[in-house]
Amino acid sequence: MTSPFAASPFDEWLTADPEVARLLGEEAERQSTTLQLIASENFTSPAVLAASGSILTNKYAEGYPGRRYYGGNQIVDEVEDLARERLKALFGAEHANVQPHAGANANLAAYQALLEPGDTILAMRLDHGGHLTHGSPASITSKVWRFVSYGVSAASDDPDKPGEIIDFDQVSDVAKRERPKLIVAGSTAYARIIDPLPFREIADSVGARFMFDAAHPAGLIAGGAHPSPVGVADVVTFTTHKTLRGPRGGAILCSAELAKAVDSAVFPGLQGGPLEHVIAAKAVAFAEAALPSFRTYAAQVVANAAALGESLTTEGFRLVSGGTENHQVLLDLRTFDAELTGKVAQEVLDRAGITCNRNTIPDDPRSPFITSGLRLGSAAQTTAGMGTSEMRTIGTLIGRTLRGRDDDQAIAAIRAEVRDLCVGFPPYPTLAGT
Ligand code: DSN
């Protein structure tokens, strides 16, 4: 197949480096002929691609607009100010920092702004859906701060009273016992809306600060599909590349009162020179997310995840937390096949052209490397134009792939069906070659 970028200047500029050009072409083919169901991924717009591939990568700009440590930043200052103003307007925030290179950096900077080393942080258990930066023993966060955790309620078979939902009694009990300086809401594998208000109440009851890590739902919040934590939490961190559909990176929102502490924590506390080409791309994405069409997109992402979840339930999988209210579907594979691990499922689905990741599920008896779960997301394929009907087809394809996992011919046939489906929904139609 012709590279979707064949008509763009990217290939031409790379003729001097045929090896990298070839790899980009192969990745373009992979992204446009396989299903992108990793819940933390998306397809940025061509304008975001253009800004992130721009000459702003050449510029050193340590500091902030109007207060740089290098000359020649007149234009860069305008770029970063534009990004900050657009982001503040998008979420109604008093202050924005658009320099974090990633979500992990944003979280580290927020902790640094709000806490002293050794202070206690209450965050979601990693094996119940929390993120590495919420206190994994492998993360620097747990070496600097002391983490205690809350989890989700027990699993339930009652469709009217689903389990595996954030247990606010537990959040409150642990908060009262451990007196954390900071309570963190937010997750990496959790399919429900996270309401910031109960967290705020609990934080206030113990005199803690409250941080909302909105890495996953940022686009759903911007698009009005989820409640906003801005103005409720002291600090909101997020990545710009998941549901928000921008370039790979992070950002922080906070009150004017915390602006100086947050800015100092990002630079010089954690990072050196900001990636101004990425900041320009963030500015583009923030403007896109303010368009009415983005509200339609956010609603469709949620509807698509629900359709995918329903279809997978019909195939015999159990949905962790009994359903989905965001862009994620977290599957318990054991009801489908007690022997099937997340690792095997991910590998077989990869062969069929269905890209997703294995994930632990609450109280998973298997290790994080093997797992009993799979995490799927609807954000990227919704950007490519797929709707609920395609999501139901994908659910069926996943069921067929995993049932036929020992049959190479069956997998090859599904791979062909996946390619046919994807060809109808090119992620970059305006860049497509002929
Ligand atoms: N935890 C990653 C994810 O959600 O895929 C992002 O850091």
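A few points about this structure:
- Residue count for segment 134-183, restricted to those that are over 22 Å from D204 (Cα atoms), open to solvent by 60 Å² or more (accessible area, probe 1.4 Å) and of a type outside the set (A, V, I, L, M): 7
- Scanning segment 287-315 for residues that are over 22 Å from I38 (Cα atoms) and surrounded by 24 or more Cβ atoms within 10 Å (Cβ to Cβ) yields a total of 0.
- Those strands (runs of 3 or more DSSP E) of segment 134-226 in which 2 or more residues are within 16 Å of the ligand (Cβ to nearest atom), under 21 Å from I252 (Cα atoms) and modelled with pLDDT of 95 or more occupy 182-185, 209-213.
- Which numbered condition A380 misses (of (1) crowded, with 19+ Cβ neighbours inside 10 Å; (2) farther than 30 Å from G151 by Cβ; (3) not aromatic (F, W, Y)): (2)
- Single condition D408 does not satisfy, out of (1) out of contact with any helix residue (DSSP H, G or I) (no Cβ under 6 Å at 6 or more places or on another chain); (2) within 17 Å of Q300 (Cβ to Cβ): (2)
- Listed by first and then second residue, the pairs with beta-carbon distance under 6 Å, at least 6 apart or on different chains, first residue in segment 47-64 and farther than 25 Å from P427 by Cα, second outside any loop (DSSP other than H, G, I, E, B) and charged (D, E, K, R), are L56/E276; K59/E276; A61/R68; A61/E276.
- Among residues that are part of a loop (DSSP other than H, G, I, E, B), buried (at least 24 other Cβ atoms within 10 Å of the Cβ) and either without any contact (Cβ under 8 Å) to a residue 60 or more places away in the chain or not aromatic (F, W, Y) (or both), K282 is not included.
- Unique match (being open to solvent by 40 Å² or more (accessible area, probe 1.4 Å), farther than 15 Å from A214 by Cβ, of a type outside the set (G, A, S) and over 20 Å from the mean Cα position of the chain (by Cα)) among E276, E257: E257
- Entirely in segment 21-133, the helices (runs of 4 or more DSSP H) that have 2 or more residues that are open to solvent by 30 Å² or more (accessible area, probe 1.4 Å), touching a helix residue (DSSP H, G or I) at 6+ places or on another chain (Cβ under 9 Å) and within 16 Å of the ligand (Cβ to nearest atom): 103-114
- Residues in segment 217-238 that are open to solvent by less than 10 Å² (accessible area, probe 1.4 Å) and touching a Gly at 6+ places or on another chain (Cβ under 8 Å) were compared, and the one that is farthest from N304 (Cα to Cα) is T237.
- Boolean, G269 is open to solvent by less than 10 Å² (accessible area, probe 1.4 Å), at negative phi and more than 16 Å from the ligand (Cβ to nearest atom): no
- Inter-residue pairs, beta-carbon under 6 Å, first over 17 Å from L182 (Cα atoms) and in segment 96-118, second surrounded by fewer than 24 Cβ atoms within 10 Å (Cβ to Cβ) and of a type in the set (D, E), 6+ apart: N97/D263
The values are calculated or read from the model by the stated rules, or taken from the named source; none is laboratory data. Fair warning: this is a prediction, and the values are worked out from it, not measured in the lab. Virtual Cβ from ideal backbone geometry, glycine too; neighbours counted across all protein chains shown. Surface areas here come from the heavy atoms of the whole protein model, side chains and all, with no ligands, DNA or RNA. Shrake-Rupley method; radii C 1.70, N 1.55, O 1.52, S 1.80 Å.
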